[in-house]
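Encoded as structure tokens, the structure appears first; notes follow it.
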Amino acid sequence: MSVCSKSCLPGDRISAIAGRPSCCFQCLPCSEGTISNHTDSINCFKCPDERWSNWKRDACIPKEIEFLSFEEPLGIVLVLISAFLFFNTTWILWFFRWYRHTAVVRANNIKLSYILLLGLMMCFLCTLLFIGQPRRVTCMLRQVIFGISFSLCVSCLLAKTTTVVIAFKATKPNSILKKWIGSRTSSSIVLVSCFTQSAIGAIWQCTSPSFPELNTKAIHGKMTAECNEGSILMFYCMLTFMGLLACICFVVAFLARNLPDTFNEAKFITFSMLVFISVWLSFIPAYLSTKGKYLVAVEIFAILSSGAGLLYSIFAPKIYIIFLRQEINARQYLITKSTLYDKKK
């Protein structure tokens, strides 16, 4: 409203009115992030990056620091899901240890199953490093542990499938694959994959380590406590290697899907890799378009959902056979199906 004698209070600025005397002006409130702290201020002044204007626009106050906390509802839900999946994986590990002498457990490399379950437990636990106020140690560890854990899981599935393919292909006369039968091949696949991912993580944290920082520009009026990944290129190298393992595993499992299917995991591994790849392909655009604490929540959700996809796709069918199809959970049934397959060939 136009006035000719009334002063503008702090929080407002003077704005001249076209065609009126200089004593006539209007008072306009300062915009967000700017203030005027004296009467009849001509301009509003921008607050420093770490501060924001109060509701009166007459003083700069410290910005609220935002991060995904253990106390807030979103953090509590993610922790509960992580804990549920971790304890569920622990129960499955115990369950398979208890039924380790049954045919369905022994048929698909029981040691790799144990390692896979331990890797999934690491995946679910590493999500806790993403919650809470970032520290230097958690920033350096969380992405590296996440990458190594999933590389361990996917390499175990690749080793399982490769072992099955080699075992059935090596039955042909004069097959050169006979020398590859045994635990040495599967162990080599797992060790090489984990070593490569570990090397990527080590180079990343030695050359351009992750560190905590306060992002003052992501959200207006707030500072986001987050981890600066240091080298975004190394982060995508880690994801690319993990994706490469998943694609190779998917192709090998797809090619092995027609082998004797009584206890053959190839079909389930193929489905689990489809889930895994789909989750992480959708993660990238979501990661690039999200800001603040929800950026961390998106990555945690991707870790939990892809890990759960691997867990239930691989182990739920075995639990079903042990509980409800005990008549086929026998070594003699496996031999019979394999014999029928050989006759078909």
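Six or more apart or on different chains, Cβ atoms under 9 Å: show the pairs whose first residue is in the range 127-151 and under 17 Å from Glu71 (Cα atoms) and whose second is charged (D, E, K, R) and open to solvent by less than 10 Å² (accessible area, probe 1.4 Å).
Here the result reads Thr127/Glu299; Phe130/Glu299, each pair linking the range 127-151 to a residue that is charged (D, E, K, R) and open to solvent by less than 10 Å² (accessible area, probe 1.4 Å).
When the range 112-138 is examined, which residues are found to be in contact with a strand residue (DSSP E or B) (Cβ under 8 Å, 6 or more places away or on another chain) and open to solvent by less than 60 Å² (accessible area, probe 1.4 Å)?
Result: Pro134, Thr138.
Among (1) farther than 30 Å from Tyr312 by Cα; (2) among the aliphatic types (A, V, I, L, M); (3) in contact with a Phe, Trp or Tyr (Cβ under 8 Å, 6 or more places away or on another chain), which single condition is Met273 missing?
(1)
All but one of (1) crowded, with 20+ Cβ neighbours inside 10 Å; (2) touching a residue at least 40 places away in the same chain (Cβ under 8 Å); (3) not β-branched (Val, Ile, Thr) hold for Pro212; state the number of the condition that does not hold.
(1)
Could you please give the count of residues in the range 117-147 that are under 23 Å from Ser208 (Cβ atoms), of a type in the set (Val, Ile, Thr) and within 12 Å of the chain's Cα centre (by Cα)?
Looking only at that region, the number is 2.
Among the residues of the range 93-111, is there at least one that is surrounded by fewer than 19 Cβ atoms within 10 Å (Cβ to Cβ) and touching a Cys at 6+ places or on another chain (Cβ under 6 Å)?
No, because not a single residue in the range 93-111 is surrounded by fewer than 19 Cβ atoms within 10 Å (Cβ to Cβ) and touching a Cys at 6+ places or on another chain (Cβ under 6 Å).
Report, by residue number, each residue of the range 23-39 that is on the phi < 0 side of the Ramachandran plot, part of a loop (DSSP other than H, G, I, E, B) and either acidic (Asp, Glu) or within 44 Å of the chain's Cα centre (by Cα) (or both).
Passing the criteria: Cys30, Ser31, Glu32.
Among the residues of the range 225-234, is there at least one that is farther than 21 Å from Cys126 by Cα and open to solvent by 20 Å² or more (accessible area, probe 1.4 Å)?
yes
Within the range 52-80, how many residues are without any contact (Cβ under 8 Å) to a residue 60 or more places away in the chain and crowded, with 18+ Cβ neighbours inside 10 Å?
4
The values are calculated or read from the model by the stated rules, or taken from the named source; none is laboratory data. Note that the structure is a prediction, hence the values are computed from the model and not measured. Every residue, glycine as well, gets a Cβ built from its backbone with ideal geometry; the counts of neighbours run over all protein chains shown. The accessibility values were calculated without ligands, DNA or RNA, using every heavy atom of the protein model including side chains. Shrake-Rupley method; radii C 1.70, N 1.55, O 1.52, S 1.80 Å.
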